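Please read the structure below before turning to the comments.
The values are calculated or read from the model by the stated rules, or taken from the named source; none is laboratory data. Every value quoted in this text rests on a predicted model; they were computed, and no experiment measured them. A quick note on method: Cβ atoms are made from the backbone with ideal geometry, for glycine too, and the neighbour counts reach across all protein chains shown. Just so you know, the surface numbers come from the protein's heavy atoms only, side chains and all, with ligands and any DNA or RNA stripped out. Shrake-Rupley method; radii C 1.70, N 1.55, O 1.52, S 1.80 Å.
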Amino acid sequence: MKKIVVNGIDGNFGSLVASYVQKLIPKKYLVFTAPREDKLKQYSEQGIKTAVADFNNPDTLVSAYKNADKVLLISMPFVGKKRRQAHKNFVEACVKAHVGQVIYTSVLSAGNPFNPSVENADHGYTESIIQNTDLDYIFLRNSLFAEAFISDYMRAVNSGEDSIEKNMGDGKVWFISRRDAALSAACALNNDLLHRAILNINGIEPFTYDKFLKVGNEVTGNNIKYVRKTDQELYDYFDSIGVPRDTNGDFSKSPIQATSEGMVTFGTTVREGYLDVPVSDFNKLTGHNPITIKHMFENKDEFLLGDRHSTEE
């Protein structure tokens, strides 16, 4: 009998995948995991198999993944050495558990060694260690989530600000909705034709930040302007409003649920053209067109980033 494992269903992204995948795959084939038992209760009550999978405790991973046909790795919500170790634990567990295929949510241009994003090192590392095993895989290289930028836009509006500071220059990015990225993951779990595949999960059209704000302003009736900043100026700004530099920081008083290191280096990535990649596999994988930025602004309350939900320590 098939065994399809979805990790991290306690997080924002994972909960979306859990919802989508149930429409594609019979629940008798599914196994949902989280690092804590209490986060699994709602699914076990629905008759879905569940397992505790703690990425800092590899033995739990081997047990949960044993002889699975497919296992989804949603990138861990922390950055740097800690994440690379957790991902290494995952890969080694999949090998020991004789997993058929790994599906990994990576980032656009992860294979480019000159990509300046602080996130890129972790994603490139994870892709490479998977490729250096005999595991089959699908890498879903997601573009930037539009929800993060819509949330930042609404933060500025709700704070009475008339501008947003970014270091993106006039670079272009093909924003994707987190919902579409989650749908891509669910469809990859249901796809038996792709092997050792690398897919770009991009939005429908490229946006400079000016163009993004123009759509937001037209839809909402606001007039938020774009103030171009250098990388250092943007770090200084985020420091001044209490945004943590990295995922080890305190988010309790931060107006933005993202790290300044991640945002600044992603801005550099956009400015230098690393995310202006017109090739997208989203439609081919899912059979749908991506959600547009205009639609997301028109339904902005449904497309906000949300709190940091992961229970991974």
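Placing Asp10, Asp239 in order of accessible area, with the largest value first and a 1.4 Å probe, yields Asp239, Asp10.
Normalised by the number of residues in the stretch 1-75, what is the relative contact order in percent for Cα pairs under 8 Å and 6+ residues apart?
Numbers: 118 pairs, mean separation 28.0, N = 75.
Over the stretch 1-75, the number comes to 37 percent.
Under 16 Å from a point placed 7 Å out from the Cα of Lys214 along the Cα-to-Cβ direction: which residues of the stretch 152-169 have their backbone N that close? Within reach of a label on Lys214, which here means backbone N under 16 Å from a point 7 Å along Cα→Cβ, the stretch 152-169 contributes 169. Across the stretch 204-217, computed HN-Hα scalar couplings (Karplus, 6.51 cos²θ - 1.76 cosθ + 1.60, θ = phi - 60°) run 7, 7, x, 10, 7, 5, 4, 5, 4, 5, 4, 5, x, 5 Hz from first to last residue, x flagging Gly and Pro.
Over the chain, what is the relative contact order in whole percent, taking alpha-carbon pairs under 8 Å and six or more residues apart? Let's see the in-between values first.
Values: 624 pairs, mean separation 63.1, N = 313.
Over the chain, the number comes to 20 percent.
Sequentially through the stretch 96-102, phi angles give Karplus couplings (6.51, -1.76, 1.60; θ = phi - 60°) of 5, 8, 6, 5, x, 8, 9 Hz, Gly and Pro residues having no value and appearing as x.
Which residues among the stretch 22-63 fall inside the zone where the amide N is under 19 Å from a point 7 Å beyond the Cα of Lys96, along Cα→Cβ? Of the residues in the stretch 22-63, 33-36, 51-63 have backbone N under 19 Å from the label point off Lys96.
To the nearest 20 debye, what charge dipole does the stretch 1-80 have about its Cα centre, counting +1 at the Cβ of each Lys and Arg and -1 at the Cβ of each Asp and Glu? List each step's numbers first, then the result.
On the way: 11 positive and 7 negative charges, 83 e Å.
Value, rounded to 20: 400 debye.
From the cross-link list Lys88/Lys166; Lys2/Lys41; Lys229/Lys300, which pairs have alpha carbons spaced over 31 Å apart? Where the Cα-Cα span goes over 31 Å, the pairs concerned are Lys88/Lys166.
Only protein heavy atoms count here; on that basis, with a 1.4 Å probe, Arg196 has an accessible area of about 120 Å². In plain terms, if you count all Cα to Cα distances in the stretch 190-313 and split them into 5 Å steps from zero, the share in each step is 2, 8, 13, 15, 19, 20, 13, 6, 3, 1 percent.
Taking 8 Å as the Cα distance limit and 6 or more residues as the minimum spacing, I'd like the relative contact order of the stretch 42-161 as a percentage.
Details: 148 pairs, mean separation 28.4, N = 120.
Reported relative contact order: 24 percent.
Scalar couplings 3J(HN,Hα) for the stretch 140-149, obtained by applying the Karplus form with A = 6.51, B = -1.76, C = 1.60 to θ = phi - 60°, are 9, 8, 7, 6, 5, 6, 4, 4, 5, 7 Hz; x denotes Gly and Pro.
Shown here are the Rg and Dmax of the Cα trace of the stretch 244-300, at 15.8, 41 Å. Diagonalising the gyration tensor over the Cα atoms of the stretch 10-158 and scaling each eigenvalue by 5 before taking the square root yields semi-axes of 25, 22, 14 Å, largest first. Report, in whole Å, the centroid distance computed from the Cα atoms of the stretch 235-283 and the stretch 147-161. When both Cα centres are located, 14 Å separates them.
When you have a sec, figure out the Kirkwood radius of the chain from all distinct Cα pair distances and drop it here in Å to one decimal? Radius from the Kirkwood sum: 19.9 Å. Of the residues Ser260, Ser177, Ser19, which exhibits the maximal mean-square fluctuation in a Gaussian network model of the chain defined by a 10 Å Cα contact cut-off? Between Ser260, Ser177, Ser19, it is Ser19 that shows the largest mean-square fluctuation.
Each Lys or Arg adds one and each Asp or Glu subtracts one; over the other residues with Cβ under 14 Å from the Cβ of Ile291, this totals -1.
Where does each of Glu147, Glu37, Glu261 land when they are ordered by accessible area, with a 1.4 Å probe and the largest first? The partial results should precede the final answer.
On the way: Glu147 5, Glu37 120, Glu261 65 Å².
Most to least solvent-accessible, the answer reads Glu37, Glu261, Glu147.
Each helix, a run of at least 4 DSSP H residues, gives -39500 (n - 2.57); summed and divided by the residues of the chain, these come to -11500 deg cm²/dmol at 222 nm.
Size estimate for the stretch 1-41 follows the Kirkwood approach: the inverse of mean 1/r over distinct Cα pairs works out to 10.4 Å.
Taking only the alpha carbons of the stretch 14-79, we obtain Rg and Dmax values of 11.8, 34 Å in that order.
Taking every pair of distinct Cα atoms and averaging 1/r, then inverting, what Kirkwood hydrodynamic radius in Å comes out for the stretch 86-175? That comes to 15.6 Å for the stretch 86-175.
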